[in-house]
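Peer 1: One structure, as structure tokens, below. Some questions next.
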């Protein structure tokens, strides 16, 4: 487990950019946190650092936005509106997880379908900023993201 303290939105964005720099196809980043914690801030900064996208809308209503990065496709999911975990199969997540990089907001909606070896990014309040905690059952993946 690794913790980062981000006193400002800019600090959260810088951390997301560092994570983007070490992301590889097959990475699944599960963004946990309550409403307003900064999941979308993190995802936007991650995506913008790897693509030419000027705007990165939240996929709250579409559930998925995709972006072309140099070495892989980025799949940005927002599962807030899912009514059951089985709905993920309609989103072609298996293929996305195997060949691209997935950013998943509200991953708890996936239930037991959330990959065991994903990188769990928990965002919680810390003073006026945020604490970002990383966990993964994949020690190599965790080490790659913690080596920043």
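The values are calculated or read from the model by the stated rules, or taken from the named source; none is laboratory data. Remember, predicted model here, so these are calculated numbers, not experimental data. Methodologically, a virtual Cβ is constructed for each residue, glycine included, from the backbone with ideal geometry; neighbour enumeration extends over all protein chains shown.
Peer 1: In contact (Cβ under 8 Å) with a residue 60 or more places away in the chain, more than 27 Å from residue 125 (Cα to Cα) and more than 14 Å from the chain's Cα centre (by Cα): does that describe residue 99?
Peer 2: Numbers: in contact (Cβ under 8 Å) with a residue 60 or more places away in the chain: yes; more than 27 Å from residue 125 (Cα to Cα): yes; more than 14 Å from the chain's Cα centre (by Cα): yes.
The answer is yes for residue 99.
Peer 1: Related question: Look through 130, 116 and report the one residue that is outside any strand (DSSP E or B) and either without any contact (Cβ under 8 Å) to a residue 60 or more places away in the chain or in contact with a strand residue (DSSP E or B) (Cβ under 9 Å, 6 or more places away or on another chain) (or both).
Peer 2: Details: 130 fails: outside any strand (DSSP E or B).
Criteria check complete, one pass: 116.
Peer 1: Something else now. Picking from 142, 64, 134, 82, which residue would you name as being surrounded by 18 or more Cβ atoms within 10 Å (Cβ to Cβ), at pLDDT 90 or above and within 23 Å of residue 17 (Cβ to Cβ)?
Peer 2: Only one candidate passes the filter, namely 134.
Peer 1: Next question. Does the range 49-59 include one or more residues that are out of contact with any strand residue (DSSP E or B) (no Cβ under 8 Å at 6 or more places or on another chain) and touching a residue at least 24 places away in the same chain (Cβ under 8 Å)?
Peer 2: Taking every residue of the range 49-59 in turn, at least one turns out to be out of contact with any strand residue (DSSP E or B) (no Cβ under 8 Å at 6 or more places or on another chain) and touching a residue at least 24 places away in the same chain (Cβ under 8 Å).
Peer 1: Continuing with the same structure: Could you please find all residues in the range 1-23 being in contact with a helix residue (DSSP H, G or I) (Cβ under 7 Å, 6 or more places away or on another chain) and assigned to a helix (DSSP H, G or I)?
Peer 2: 9, 12, 13, 16, 17, 19, 20, 22
Peer 1: Moving on to the next point. Please report, ordered by residue number, the strands (runs of 3 or more DSSP E) entirely within the range 24-100 with at least 1 residues that are over 27 Å from residue 130 (Cα atoms).
Peer 2: 64-68, 73-78
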